[in-house]
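Below is one structure, written out as C-alpha cells; comments come after it.
The values are calculated or read from the model by the stated rules, or taken from the named source; none is laboratory data. None of the values given here were measured: they were computed from a predicted structure. Ideal geometry is used to build each Cβ from the backbone, glycine not excepted, and the neighbour counts take in all protein chains shown.
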Amino acid sequence: MSLLLLLACPPAPDTSPAADTDSGAPAWAEPEWDAAPEPLPCNEGEAAPLYDAALADAEISRDNMGFAESIWSSLARAGYVRGPFQWPSFEPVHHEPEYAACWVRQHAADLDAAGAAAHPVAAALGVLAATAGVPAEGEPVQPDDTSLASALDELADAAGGGDDGDRADELPEELAEALVLIVRSLTEGIDARHRMDAASEGVAKPQRLFRDGASMVLSATDNQPSYTDPEATTVYTDWFTSDDGPRALLGPARKLAFAIEDADLQRFAGGDTSWSFDTDAGRILISPSTDDLHDASTGAVLLAIDLGGNDTYLDGVGANADEDNPVAVNVDLGGDDTYGYTPVPDDHDTEGLLPSDIRGREPAYGGYWTSSSITSRQGSGRYGIGLAFDLGAGNDTWASLRLSQGFGSLGVGVLADDGGDDTYAAEAGAQGSGVFGYGLLLDGGGNDTYLSWAFSQGFGYTGGIGQLLDVAGDDTFVADPGNAFGGTTLYYSPQLPGGEGNSSFCQGAGFGFRGDQWSTWFSGGVGSLRDVAGNDSYVAGVFSQATGYWEGTGILADGAGSDTYDALYYMQGGSAHFASALFFDGGGDDQYSQTFDSQYMHTGAGHDYSLGLFLEDAGNDVYAYNGLAAGASNCQGVGVFVDKDGSDTYTARSTYSTGLGNHSGECETRTSTPSIGIFLDGGGDPDVYLWPEDELRTPADDSTFGIEWNSTDDEHGGAADGSEVTGF
C-alpha cells in the first residue's frame with residue numbers, strides 16, 4: 001500500500017508524600033495546573049453605531065456580514081474545505097468577524113496568562129492543546145512514595161532496557177528528589193509514543209514517520225508523498241486524528257514541562273555533579289557548572305541537565321535524534337550559551353545565509369538553493385517529544401537550519417528561554433512551527449532578535465499548530481524579505497517573481513495543502529505570534545504578519561508598545577482561499593509599511609472566501625498601503641479594518657482600497673455571494689487622509705466613504721470615521 005505522508009491520562013493517585021524521604025521520594029505538595037484566566041467579555045451583536053453606519057454605507061445587513069453556512073456546505077461538497085484536518089474553531093472564527101475579534105483577544109489573553117504563570121511552558125501547551133481541540137484531561141504527575149531508583153527502573157523498562165536504578169544513590173539526595181517526577185513524566189511520554197507506534201501499524205513504520213513527516217513543506221528525503229491514493233489518505237487521517245495519533249503526545253509533553261518547571265532546578269545551578277544513566281531510548285546526563293562543549297558524541301539523549309556555565313551546544317539540544325529516541329529534553333541552568341551546529345560549507349552558501357551543515361543545499365523552484373538539512377535541533381519534536389529549556393536569563397544565541405527551535409512534526413517540540421537578550425536564527429521550519437504536529441517557542445523577556453526565511457515565527461501547516469510567545473522586551477522579528485528589500489531571496493514568490501521577494505509564511509501564518517492537479521485539498525493549520533509588550537519591529541516578505549492560505553489561520557497579536565510593521569503582499573490580516581487572518585495590535589503609536597512599498601491584500605483584506613481582520617486598539621498610528629487594503633475584499637472575501645482610537649494618518653497609494661467591495665475578473669461568474677470590505681476609524685480624534693490625485697471619493701473625519709469598485713450587486717464596500725463605538 002502506498003503511504004500518504006501528509007506533509008487519556010489516568011487519574012492522579014490519591015496519595016500523599018511519604019514522611020521518610022531517605023529513599024529519594026519527594027516531599028512536595030500535590031502539583032496543580034496554573035489557573036486559566038477568566039473569559040473576556042464579548043460584545044458580539046451589541047450596539048455599534050459606527051459599524052452600523054459602515055454597513056449601511058455598504059448596503060448590507062449585520063446578519064449577512066460574514067460567510068453563510070450554505071456557502072461552506074457547498075464548498076465542502078466540492079471537497080475544498082471541511083476536511084479531517086480542519087481545526088475545531090475554524091468555522092466560527094472564519095464565518096463571523098465580530099466573533100473573530102473576540103476570539104483573537106481571548107487567545108492573546110490566554111497566552112499572556114500562560115507567560116505570567118508559575119509554569120509558563122505547561123500553561124502555553126495547555127492553550128495550544130485547547131486550540132487543537134485536545135481535551136485537557138488528568139493532572140500533573142503526582143508525588144507518592146516512589147524513589148528515584150524505582151522511577152529509573154520503570155523508565156528503563158519503558159525504554160526497553162537500561163542501567164540499574166540503584167545508580168540513583170550516586171546523586172546528591174536533594175537533586176535525586178527533584179528528579180523523581182521528571183523521570184516519571186519521561187516514562188509517560190515514552191509510553192504514549194509506544195501507543196502511537198502500535199496504532200500506526202498499516203500507516204507506516206516509525207522510521208518513515210520520523211523521517212518524512214514534514215516532507216510536504218520541508219522535503220527531507222527523496223520519498224515524496226502520494227497525493228492520489230484515497231485509501232492511503234484515509235488510513236493516515238484516521239490514525240492522525242485518533243486519540244493515539246500525534247495529539248496523544250500533547251498531554252504527556254505538558255506534564256513533562258510542568259514537572260521540569262515545578263522542580264525548581266535553578267537551585268542546583270553552579271553545582272559540580274557529573275552523572276549519566278543509559279537507557280535504550282537515550283541517555284540521562286548531568287553536567288557540572290563549567291564552560292562545556294556538548295556535541296553529538298554523547299549519542300541520543302533522553303534528559304540532559306547542565307548546571308551552568310557559558311556552554312556551547314553542537315548536538316540536538318532537546319530534539320529527537322531518531323525514531324528510537326521518543327523523548328528528548330535539555331535543560332541548561334544559566335550562563336550566556338551558544339546553541340549551534342557544525343558548519344559544512346557548500347558551494348551555494350552565499351553572504352547573508354546561515355552556513356550549511358553536512359546535507360548542504362538543494363536546487364529549489366526559481367533557481368534558488370535552499371537548505372536540505374534534516375537534522376533536528378533546539379526543541380524539536382519529530383514523532384516524539386522534544387523540549388529545550390534555557391533557564392537563568394542569560395544572553396543566548398540560537399542557530400540552526402530547519403526543523404528546529406520549537407518545531408513539531410507528528411510530535412511536540414518546545415524551545416523555552418526564560419529571559420536575556422537572545423538571538424534566534426534559522427532558515428525554515430523553526431521558531432514556533434508545526435507541520436502535522438505542534439511547535440512552541442516561548443521567550444520570557446529581554447530584547448530579542450528573531451531571523452528566519454520561511455515557515456517560521458508562528459507557522460502552522462495542515463494538521464499543525466505553531467506558536468511563538470514573547471513575554472516582554474523590544475524585539476525584532478525578521479523574515480528575510482528578499483533581494484529587492486535588503487535581504488536574500490531563497491523561497492520563490494509567485495506574487496513577486498524575479499527574485500524580488502521571499503514567500504515567507506512567517507509571523508503568524510496558517511497554510512493548507514492545495515493540490516488542484518490531484519483534486520486533493522487539506523485544511524491549513526494555525527500559526528500564531530504573540531508579543532505581549534515592548535516596542536517591536538516586524539519585517540517580512542509575502543504571506544506574513546497574520547496571514548492564511550487554504551483554510552489556514554494566521555494570527556499576529558502584539559500588545560502594548562510602539563511598533564513598526566513592514567511586509568510585501570498578503571500580510572497584516574491578508575488572506576487567500578477559504579482562510580482566516582487575524583491581526584491585533586493592543587496599542588501604541590505604530591507605523592505600517594513606512595519602509596516598503598507594500599503591494600496588495602493587506603491591513604484587513606480577504607480574497608476568495610477568506611476573512612482578513614485587522615484590529616488596532618489605540619495610539620496615533622501611521623499607515624501606508626496600496627490596493628486591496630484597509631478593509632478590502634476580492635472575489636467573495638471579507639475584509640475588515642478597525643482602528644478604535646487615536647489621531648491617525650492614512651496614506652493611500654491607491655484608491656483601490658479603504659472600505660472596498662471588489663469583484664475582479666477571476667470571479668465574474670460568482671455574483672450570488674457578496675464581497676464585503678469594511679473600514680472603521682473610531683475615537684473621534686482628528687485623522688489625516690492623504691489620497692491619490694485621481695481620487696474617486698475623498699475620505700474625511702466624521703463621514704462615510706466606502707466604495708463598490710465595479711458597482712455590481714455582489715460588491716459591498718463601507719467605511720466610516722467617527723466617534724461612536726466600532727463594535728469590535
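Taken over the range 485-535, the criterion of being within 21 Å of residue 425 (Cβ to Cβ), β-branched (Val, Ile, Thr) and surrounded by fewer than 24 Cβ atoms within 10 Å (Cβ to Cβ) is satisfied by 488 alone.
Summed over the range 349-407, the residues that are assigned to a strand (DSSP E or B) and within 24 Å of the chain's Cα centre (by Cα) give a count of 19.
Looking at 711, 647, 657, 723 in this structure, which one is closer than 16 Å to residue 628 by Cβ and of a type in the set (S, T, N, Q)? Among 711, 647, 657, 723, only 657 is closer than 16 Å to residue 628 by Cβ and of a type in the set (S, T, N, Q). Against the numbered list (1) under 14 Å from residue 334 (Cα atoms); (2) of a type in the set (Ser, Thr, Tyr); (3) buried (at least 20 other Cβ atoms within 10 Å of the Cβ), residue 279 comes up short only at (1). The set of residues in the range 479-513 that are modelled with pLDDT of 95 or more and either under 15 Å from the mean Cα position of the chain (by Cα) or among the charged types (D, E, K, R) (or both) comprises 479, 480, 504, 505, 506, 507, 508, 509, 510, 511, 512. Can you tell me which residues in the range 686-700 are in a loop (DSSP other than H, G, I, E, B) and either surrounded by 15 or more Cβ atoms within 10 Å (Cβ to Cβ) or touching a Lys or Arg at 6+ places or on another chain (Cβ under 6 Å) (or both)? Across the range 686-700, the qualifying residues are 687, 691, 697, 699.
Residues of the range 73-101 being part of a helix (DSSP H, G or I) and acidic (Asp, Glu), which ones? Once the filter is applied, which keeps residues that are part of a helix (DSSP H, G or I) and acidic (Asp, Glu), the range 73-101 yields 91, 98.
How many residues are of a type in the set (D, E, K, R) and at positive phi if we restrict to the range 423-447? Here the count works out to 0.
Checking the range 711-728 against the condition returns no match, with no residue being under 32 Å from the mean Cα position of the chain (by Cα), modelled with pLDDT of 95 or more and of a type in the set (Ser, Thr, Tyr).
Evaluated against (1) at pLDDT 95 or above; (2) surrounded by fewer than 17 Cβ atoms within 10 Å (Cβ to Cβ), residue 382 falls short on exactly one condition, (2). With the requirement that a residue be acidic (Asp, Glu) and at pLDDT 95 or above, what does the range 181-211 give you? If the condition is that a residue be acidic (Asp, Glu) and at pLDDT 95 or above, then 188, 191, 197 are the ones that fit. Taking the range 603-623 as the range and being under 24 Å from residue 474 (Cβ atoms) and either not in a loop (DSSP other than H, G, I, E, B) or not hydroxyl-bearing (Ser, Thr, Tyr) (or both) as the test, the residues that pass are 614, 615, 616, 617, 618, 619, 620, 621, 622, 623. The range 529-602 holds strands (runs of 3 or more DSSP E) entirely within its bounds, and those carrying 3 or more residues that are over 17 Å from the mean Cα position of the chain (by Cα) map to 564-566.
Scanning the range 287-328 for residues that are surrounded by fewer than 22 Cβ atoms within 10 Å (Cβ to Cβ), assigned to a strand (DSSP E or B) and more than 28 Å from the chain's Cα centre (by Cα) yields a total of 1. For the range 132-157, which residues satisfy the criterion of being in contact with a Phe, Trp or Tyr (Cβ under 8 Å, 6 or more places away or on another chain), assigned to a loop (DSSP other than H, G, I, E, B) and over 24 Å from residue 410 (Cα atoms)? Correct list: 143 only.
Only one of the numbered conditions (1) at pLDDT below 95; (2) surrounded by 23 or more Cβ atoms within 10 Å (Cβ to Cβ) is violated by residue 350, and that is (2). Comparison of 100, 109 shows that the only residue that is surrounded by fewer than 22 Cβ atoms within 10 Å (Cβ to Cβ), under 23 Å from residue 134 (Cα atoms), aliphatic (A, V, I, L, M) and within 21 Å of the chain's Cα centre (by Cα) is 109.
The requirement of being in the same structural domain as residue 273 (by TED's automatic domain parsing) and in a helix (DSSP H, G or I) is satisfied by residue 188.
Just one of the listed residues (672, 647, 633) is of a type in the set (S, T, N, Q) and outside any loop (DSSP other than H, G, I, E, B), and it is 633. As for the range 628-645, it holds at least one residue that is touching a helix residue (DSSP H, G or I) at 6+ places or on another chain (Cβ under 6 Å), surrounded by fewer than 24 Cβ atoms within 10 Å (Cβ to Cβ) and assigned by TED's automatic domain parsing to the domain that holds residue 725.
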